[in-house]
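Written out below as structure tokens is the structure these notes cover.
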């Protein structure tokens, strides 16, 4: 069930490993997309704005958990590539305890600070109640989100991207069925959409844990592994905290943009909610390819395969750019039809705003594609701090430009939309320069 990415065809091994990972995360997006689509079509613009804004907040909170899991996964890949199984099993225990405790703290703080958070996001009164109802239920399911993503990170680090896909496919189908049942049949509104998501998340967490134990029993830490090792804790924390900061900074910037968008009213909020979901689906495959590329690099870095790493970098850049060009054309051409999936007939203002956003973003997907590869590269070769620097450049540019220019009527919403790809481009430039004059000179 494990894939050794230090052997075989460079491009073929990356693509075979990436395919289930891409499909898996596309299915994971269905959790929130199903909520957004059903709520927008059935309950209208205000409910769509509530669920969409909640999604941005949830993305920020879960980014902390995902960042910790991804950082741990990078360490696991290196240990697996270096054939250090005993150290790996001890690391699994240490990281599970650390990330689990962080998840519980985040859940408690999110529930306690619900009111101040909604106020800071400038949520209109007409949307506030529905968003609060949705979030209270979603927050309860954060621990299930942690368990699934932790187990998925472990399996993917060892080269198994198939099990997470199979389990998540079942959970995504369950989520859609429960969404329809809770919203349409039980008439529970946005709370029903949240409940459906949490039930599906719990199913995916439990299902993947059982599958991992069944198919990879050698991963289970034995009694001698279940002790707190400071050396491993420090190593895992070094990768995990920086990766967590990178993910959190990225999504905190998006959250700040959400707050600015909210100041333009409910219609713009609804348009942004739908367009962001489309955007996420569009570039999700290249993001997941970047994560697969990171696992490839990490295993080969642990095995000392420098030449294979360089071949992998060249292959990954060509593959990612080819995909981004194709998806850019498709999003630009079909933006009106895509927005129409999330809105009720006659909501022309929402569709127009969303189309403008998608055509600006869609023309620049090559920028985010390269940035995902850079994040994965620096995380895999033991330089997660550089990923954080690139995120600060990207998000700092985005937030500064948006807040400086959007209040000016001459720029308005377009300033927010254009700030995003400009931030991507500047971060790409910094990442490439550091690779050329820093990494290559050190022999990688």
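The values are calculated or read from the model by the stated rules, or taken from the named source; none is laboratory data. Small disclaimer: the values here were computed from a predicted structure and weren't measured. Neighbour counts are summed over all protein chains in view; Cβ atoms, including those assigned to glycine, are modelled from backbone coordinates with ideal geometry.
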Determine whether residue 238 is over 30 Å from residue 46 (Cβ atoms), surrounded by fewer than 16 Cβ atoms within 10 Å (Cβ to Cβ), under 21 Å from the mean Cα position of the chain (by Cα) and at pLDDT below 80. yes
Just to be sure before I move on: is residue 198 in contact with a helix residue (DSSP H, G or I) (Cβ under 9 Å, 6 or more places away or on another chain), modelled with pLDDT under 90 and assigned to a helix (DSSP H, G or I) in the structure I sent? no
Before we move on, is residue 381 surrounded by 15 or more Cβ atoms within 10 Å (Cβ to Cβ), touching a residue at least 12 places away in the same chain (Cβ under 8 Å) and over 25 Å from residue 263 (Cβ atoms)? yes
Looking at the stretch 328-346, which of its residues are surrounded by fewer than 20 Cβ atoms within 10 Å (Cβ to Cβ) and under 16 Å from residue 281 (Cα atoms)? 329, 330, 332, 333, 334, 336, 337, 340, 341
Qualifying position, being closer than 30 Å to residue 236 by Cα and either at pLDDT below 90 or surrounded by fewer than 20 Cβ atoms within 10 Å (Cβ to Cβ) (or both), among 184, 174, 155, 180: 155
Within the stretch 78-87, which residues are surrounded by 13 or more Cβ atoms within 10 Å (Cβ to Cβ) and either touching a helix residue (DSSP H, G or I) at 6+ places or on another chain (Cβ under 7 Å) or in a helix (DSSP H, G or I) (or both)? 78, 79, 80, 81, 82, 87
Odd one out for residue 81 among (1) within 13 Å of residue 138 (Cβ to Cβ); (2) at pLDDT below 75: (1)
Touching a helix residue (DSSP H, G or I) at 6+ places or on another chain (Cβ under 8 Å), part of a helix (DSSP H, G or I) and under 18 Å from residue 383 (Cα atoms), is that true of residue 40? no
Checking residue 15 against (1) crowded, with 19+ Cβ neighbours inside 10 Å; (2) assigned to a helix (DSSP H, G or I); (3) touching a residue at least 40 places away in the same chain (Cβ under 8 Å): exactly one of these is not met. Which one? (1)
Matching residues in the stretch 260-274 - criterion: being within 15 Å of residue 416 (Cβ to Cβ) and either buried (at least 24 other Cβ atoms within 10 Å of the Cβ) or without any contact (Cβ under 8 Å) to a residue 60 or more places away in the chain (or both): 261, 269, 271, 272, 273
Those residues of the stretch 64-77 which are buried (at least 23 other Cβ atoms within 10 Å of the Cβ) and either without any contact (Cβ under 8 Å) to a residue 24 or more places away in the chain or farther than 15 Å from residue 152 by Cβ (or both) amount to 75
Counting residues that are over 30 Å from residue 74 (Cα atoms) and in contact (Cβ under 8 Å) with a residue 24 or more places away in the chain, which helices (runs of 4 or more DSSP H) fully inside the stretch 88-190 reach at least 1? 114-120, 125-140, 162-180
